[in-house]
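This report refers to the structure that appears directly beneath it.
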Amino acid sequence: MGVDVDGDGTDEHSWSVDPEDEQGAAVVAALGRQMRARREALGMRVGDLAAAIQYGEALIYKVEGGKRIAKPEYLDKVDDALKAGGLIRAMAEDLGRVRYPKKVRDLAKMEGQAVEIAVYRIHGIHGLLQTAEYGRALFEMRQPAYSEQEVERFVAAREARRVVFDKVPAPTLSFVQEEGTLRRRIGGTMVWRRQLEHLLEVLQLRNISFQVMPLDCEVHAGMDGGIEVLKFDDGSAVGRSDGAFNGRPVSDAKRLRILELRYGIIRAQALSPRESRAFVEHLLGET
């Protein structure tokens, strides 16, 4: 990797800091101060470090100043150059977490702790079931448009949430998708096909129940909007619905019962898991 002669390499070698994420910004700033203190303790100037690691000086100033989130490969080179013995390299995990928007981190944390996740989706396939290509296409079509860096950040955040599939014991996952979300060729035919193929692979997991709400369903309990309910090992739960309680998360038993009632009826009205899998296979076979 050579020095970026046309720029400071900021976008390529680091991530932006979310200005609205005070907690994340504090972590980035604290780690930047540690890196600067280590460099100064060795009597090394920024120019010396830049030459040693083959990155631009501007990037070093931004990382040390808490203005940018350093990528793992940058931390590796700095750790070696500053003879930190792995202390700087170990920051990768903390920095990797705060690169994502706070609301995404909070959601990923709850999903990671949940023992049951129940979801009804109206617009777009649920994030846990998406391919990176499909997710990128969704973000790229948003208006006002996201920058390329924002798109990549959101895609990476969505990908990181998939650790829920690696949990032991595995959580119980239940999804109901509107037929229209499966038929809409987000990203074009090839992206859409790969998304359907990925969906069929995921549905082989025994802890997942997947159902399709057909368009010809004349009585539909989900007309008020999507629903998501997460239950935890201690018996607590949190839920949210676009069309209930002003779209705010709820955790009290009375409101959760309302969401669970609606979701239960939606599942009863949808195609069975076996019929739903056959439906996805049929869609895939049409192309």
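For this structure, a couple of remarks:
- Filtered residue count, the stretch 256-282, keeping only those that are of a type in the set (A, V, I, L, M, F, W, C), crowded, with 18+ Cβ neighbours inside 10 Å and closer than 11 Å to V176 by Cβ: 3
- Residue within the stretch 155-167 that is in a loop (DSSP other than H, G, I, E, B) and not hydroxyl-bearing (S, T, Y) present: yes
- Residue match in the stretch 74-83 (condition: assigned to a helix (DSSP H, G or I), within 30 Å of R161 (Cβ to Cβ) and hydrophobic (A, V, I, L, M, F, W, C)): yes
- Picking from residues in the stretch 7-43 that are touching a Leu at 6+ places or on another chain (Cβ under 7 Å) and not in a helix (DSSP H, G or I), the one that is farthest from K102 (Cα to Cα) is L42.
- Scanning the stretch 15-35 for residues that are within 22 Å of A51 (Cα to Cα) and modelled with pLDDT under 85 yields a single hit, W15.
Results for (1) among the acidic types (D, E); (2) in a loop (DSSP other than H, G, I, E, B); (3) under 20 Å from M110 (Cβ atoms); (4) more than 27 Å from the chain's Cα centre (by Cα), shown as yes or no for each residue.
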| site | (1), (2), (3), (4) |
| --- | --- |
| C217 | no, yes, no, yes |
| H220 | no, yes, no, yes |
| D224 | yes, yes, no, no |
| D234 | yes, yes, yes, no |
| N246 | no, no, yes, no |
| I265 | no, no, no, yes |
| L284 | no, no, no, no |
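The values are calculated or read from the model by the stated rules, or taken from the named source; none is laboratory data. Here the structure is a predicted model, which is why all the values come from computation and not from measurement. Neighbour counts are summed over all protein chains in view; Cβ atoms, including those assigned to glycine, are modelled from backbone coordinates with ideal geometry.
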